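In what follows, a single structure is set out as structure tokens and then discussed.
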Amino acid sequence: MSTDTAPVPSSSTELLFRPRQLRELVRGVPWLGDLDEDQLEALLQDTEVRTLKTREWLFRQDAPAEWLYVVISGAVRLVRSAGDGHLATIRCVERGGTLGELSMVSSAGVYLYSAEALRRTHVLTIPAARCREIMDRQPACRAEFMSHLALELTERLEDMALLTQADAMARLVSYILRQLPAGRARGPRVVRLTIPKRWLAAQLAMTPETLSRLLARLREEGVINIDRQRLVVLDEQKLRDHMLSDD
């Protein structure tokens, strides 16, 4: 793994650049999680750490897709340009999320969207050719990758349905529910609101003012509580009931 662009650890953020943490980061990618230690080490030898400034573009739509990225820290906004030049926010990606994987199945070999850093961000760059090689040699990795894409497609179809058929509250509730930790918990469950409000609002196709108003409404109804960047779901059933509400 190249260390030319990785700073010497001197802060809590930079500790994420250590080899052990980077191995755990890659292991967290579902379709790379089954690699053995030798395969993982060989892959990491081809990776580099890249630092992005706030509002810097990591890659642009239709550019040659030569790299796959894993977010180490920070946040990245994925946007797609429409025919009229309007940029539509697809979603925001934080630590552990991957960028550019859809290009792996694109015959054109280009990025299908653009990626912009929302704050100072660090990403691990992996050659796309190495990822394709892994999937060619590892049927389990390929199967997991296709399962990941199927889930991604399902979520994007749900987004499209909500945008065309549901109101702003339903879109917000759907987002919150999808961010909840997997499995059932005895106590309240927590969603971290680390994405800037204006970009979360853009992702949900509403204004920041509407987002604030809807969050305040849910808080007043005792459905959620917000403490800085922590959104605590106090009544999940009431939250789901809002998905069925017409008002």
Asp159 vs. criteria buried (at least 17 other Cβ atoms within 10 Å of the Cβ), more than 17 Å from Val29 (Cα to Cα) and among the acidic types (Asp, Glu): yes
Query raised in the report: Regarding Gly74, is this residue in contact with a Gly (Cβ under 6 Å, 6 or more places away or on another chain) and at pLDDT 90 or above?
Result: no
Any residue in region 84-96 that is modelled with pLDDT of 95 or more and within 23 Å of Asp36 (Cα to Cα)?
no
Criterion first (under 21 Å from Pro127 (Cβ atoms), in contact with a strand residue (DSSP E or B) (Cβ under 9 Å, 6 or more places away or on another chain) and touching a residue at least 12 places away in the same chain (Cβ under 8 Å)) does Gly100 satisfy it?
yes
The correct count of residues that are within 15 Å of Arg120 (Cα to Cα) and part of a loop (DSSP other than H, G, I, E, B) in region 54-79 is 5
Residues of region 124-156 being exposed (fewer than 15 other Cβ atoms within 10 Å of the Cβ), aliphatic (A, V, I, L, M), more than 18 Å from Arg91 (Cα to Cα) and under 21 Å from the mean Cα position of the chain (by Cα), in sequence order, are Ala143, Met146
Result of the Cβ filter at 7 Å on region 119-146, keeping first residues that are without any contact (Cβ under 8 Å) to a residue 60 or more places away in the chain and partners that are assigned to a helix (DSSP H, G or I) and of a type in the set (A, V, I, L, M, F, W, C), at least 6 apart or interchain, is Arg132/Met104
**Report entry** Residue check for Thr51: in contact with a helix residue (DSSP H, G or I) (Cβ under 9 Å, 6 or more places away or on another chain) and of a type in the set (S, T, N, Q)
**Finding:** no
Against the definition (touching an Asp or Glu at 6+ places or on another chain (Cβ under 7 Å), buried (at least 20 other Cβ atoms within 10 Å of the Cβ) and among the β-branched types (Val, Ile, Thr)), how does Thr121 come out, yes or no? no
Report yes if some residue within region 80-96 is assigned to a strand (DSSP E or B), of a type in the set (Ser, Thr, Tyr) and touching a residue at least 24 places away in the same chain (Cβ under 8 Å); otherwise report no. yes
Does Ser73 satisfy being of a type in the set (S, T, N, Q), at negative phi and surrounded by 14 or more Cβ atoms within 10 Å (Cβ to Cβ)? yes
Going through region 41-57 in order, the residues found to be exposed (fewer than 13 other Cβ atoms within 10 Å of the Cβ) and of a type in the set (Lys, Arg) are Lys53, Arg55
Within region 190-205, residues crowded, with 19+ Cβ neighbours inside 10 Å and touching a residue at least 24 places away in the same chain (Cβ under 8 Å) come out as Val191, Ile195, Leu200, Ala202, Gln203, Leu204
Going through (1) within 16 Å of the chain's Cα centre (by Cα); (2) without any contact (Cβ under 8 Å) to a residue 60 or more places away in the chain one by one, Leu177 fails only at (2)
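The values are calculated or read from the model by the stated rules, or taken from the named source; none is laboratory data. None of the values given here were measured: they were computed from a predicted structure. Neighbour counts run over all protein chains shown; Cβ positions are idealised from the backbone, glycine included.
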